[in-house]
1. Being in a loop (DSSP other than H, G, I, E, B) and open to solvent by less than 10 Å² (accessible area, probe 1.4 Å) is true for just one of 91, 107. Which residue is that?
2. What single numbered condition from (1) surrounded by 24 or more Cβ atoms within 10 Å (Cβ to Cβ); (2) in contact with a His (Cβ under 9 Å, 6 or more places away or on another chain); (3) under 24 Å from residue 74 (Cβ atoms) fails to hold for residue 99?
3. Restricting to the stretch 110-129, give me the number of residues that are on the phi > 0 side of the Ramachandran plot and either surrounded by fewer than 16 Cβ atoms within 10 Å (Cβ to Cβ) or out of contact with any helix residue (DSSP H, G or I) (no Cβ under 9 Å at 6 or more places or on another chain) (or both).
4. Report every pair of residues separated by at least 6 positions or lying on different chains whose Cβ atoms are under 7 Å apart, first residue within the stretch 263-275 and closer than 18 Å to residue 313 by Cβ, second assigned to a helix (DSSP H, G or I).
5. Return a yes/no flag: does the stretch 324-337 have any residue that is surrounded by fewer than 18 Cβ atoms within 10 Å (Cβ to Cβ) and of a type in the set (Gly, Ala, Ser).
6. Return the residue satisfying two criteria in turn: it lies in the stretch 154-191 and is in contact with a Gly (Cβ under 6 Å, 6 or more places away or on another chain) and either modelled with pLDDT under 95 or assigned to a strand (DSSP E or B) (or both), and of such residues it is nearest to residue 299 (Cα to Cα).
7. What strands (runs of 3 or more DSSP E), lying completely within the stretch 327-402, carry at least 3 residues that are at pLDDT below 95 and not small (Gly, Ala, Ser)?
8. Could you check residue 113 against (1) out of contact with any Gly (no Cβ under 8 Å at 6 or more places or on another chain); (2) under 24 Å from residue 385 (Cβ atoms); (3) not charged (D, E, K, R) and say which number it fails?
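The values are calculated or read from the model by the stated rules, or taken from the named source; none is laboratory data. What you see is a predicted model; the values in this text were computed from it and never measured. FYI the Cβ positions are ideal-geometry reconstructions off the backbone, even for glycines, and counts take in every protein chain you see. Keep in mind that these areas ignore ligands, DNA and RNA; they rest on the heavy atoms of the full protein, side chains included. Shrake-Rupley method; radii C 1.70, N 1.55, O 1.52, S 1.80 Å.
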Amino acid sequence: MRFLGLVLLASLSSLHAQTHKPAARGPEPTGPTAVFDTSMGRIACRLYAKQAPKTVQNFIDLAEGRKDWHDHLNLTVVHNTPFYDGTAIAGIPDGIRGGDRYGGGEGDANGSIPEEKIPGVTFDRPGRLAMATHAGEINSSFYLITLHADDEFDKGHRGAIFGQCDDAGVAVAEKISHAMLEVGNRTTKAIAINKLTIVPSGQPMPPVAPEWDPKKVVPQPVPPQPSNIPTPDPTGPTATIDTTAGTLTCKLYKEQAPIAVATFTELAEGKREWTNPTTHVTTKKPYYNGLHINRVIPDFMVQQQDYPNGAEDAGFSYSIETAPNLTFDRPGRLAMANSGPTKNDTSWFITDAPSPNLNDKFTIFGQCDEATVKTVHDIARVPRNGHNRPIAPITIKGITIQ
């Protein structure tokens, strides 16, 4: 099955579609509370000190300045200084992420740490606080907070859970994630942790910390991409995708992505034979009719990810196609999903926000109109389950090419 990789440091809601009180599963945290006072409000998370003692202690020691850490910018070891205060927060699909003082995954505190798995505790609810995975290992300082039940975090081994944030904190994290993702994590002013305080069990919450000097936030924000960089206009045919959730209209980049456009249009119109890899039956039936938009993540994308008759893939693949200045700099990009640079097939997605992290990793083969961008925005926020599948199926009724 082709997943569009969640790359925003990877990988991702109907952020109000699921209750923040799922059925009880696994132990509840009973340790101290980590209080993140941020530029956009307070996030309070109770820590699993009993179940993940080493992870929690590492986090507390960094937060309180009781553990030395590496300053990758000045190439020094820092003593007696809180690590997280004044650090920037990034948006990721279904969450936020931080703990990188340099940027680009290069500014961690002390490399990796051993993973502590808590039996029965998964990414089955919003508000999971986890040490994030980097290069396949649990990082010593990179953290993430989730906004929705999302088993892609479990399947992708994206982090080791060590805390649970309250509903009010999830709402703040949601605001931060949206604010950052709608501009592709490129902004003129960073959203940052003003102060991270560890509050022992039974103790009152501290007063709200003052704002950190924006000029001293690390890393400094990446500014928006200049608007004067020319981007090619699509000159190919127009695809009209009729779904049970509305019509999607996209002009295709036939010149820049000829293989993807030919694959999509010929399969959509029934002009290309294809063989079902499950039944081994060859047909020219319009390929997409009856399939579904079955993966939706707000501030990221909506994806047609299923295959006829429950197949796991399309039975063929081809390489990505890129073009100069054709990037994920805006919502409404129609692109082919893949599981690697030579693994395009038939699964496609439409972006809900600028996603520069996807540049050069996926084939953009169309740009959708403003009405479609609004429809995609709505589809991305329909009620969904923990697999990011819409509760009410969204079916493709047909696709016309003109």
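1. That would be 107, the only listed residue that is in a loop (DSSP other than H, G, I, E, B) and open to solvent by less than 10 Å² (accessible area, probe 1.4 Å).
2. Unmet for residue 99, out of (1) surrounded by 24 or more Cβ atoms within 10 Å (Cβ to Cβ); (2) in contact with a His (Cβ under 9 Å, 6 or more places away or on another chain); (3) under 24 Å from residue 74 (Cβ atoms): (2).
3. Counting residues in the stretch 110-129 that are on the phi > 0 side of the Ramachandran plot and either surrounded by fewer than 16 Cβ atoms within 10 Å (Cβ to Cβ) or out of contact with any helix residue (DSSP H, G or I) (no Cβ under 9 Å at 6 or more places or on another chain) (or both) gives 2.
4. 272/266; 274/267
5. Within the stretch 324-337, not a single residue is surrounded by fewer than 18 Cβ atoms within 10 Å (Cβ to Cβ) and of a type in the set (Gly, Ala, Ser).
6. For the stretch 154-191, the residue satisfying everything is 165.
7. none
8. Evaluating residue 113 over (1) out of contact with any Gly (no Cβ under 8 Å at 6 or more places or on another chain); (2) under 24 Å from residue 385 (Cβ atoms); (3) not charged (D, E, K, R) leaves (2) as the failure.
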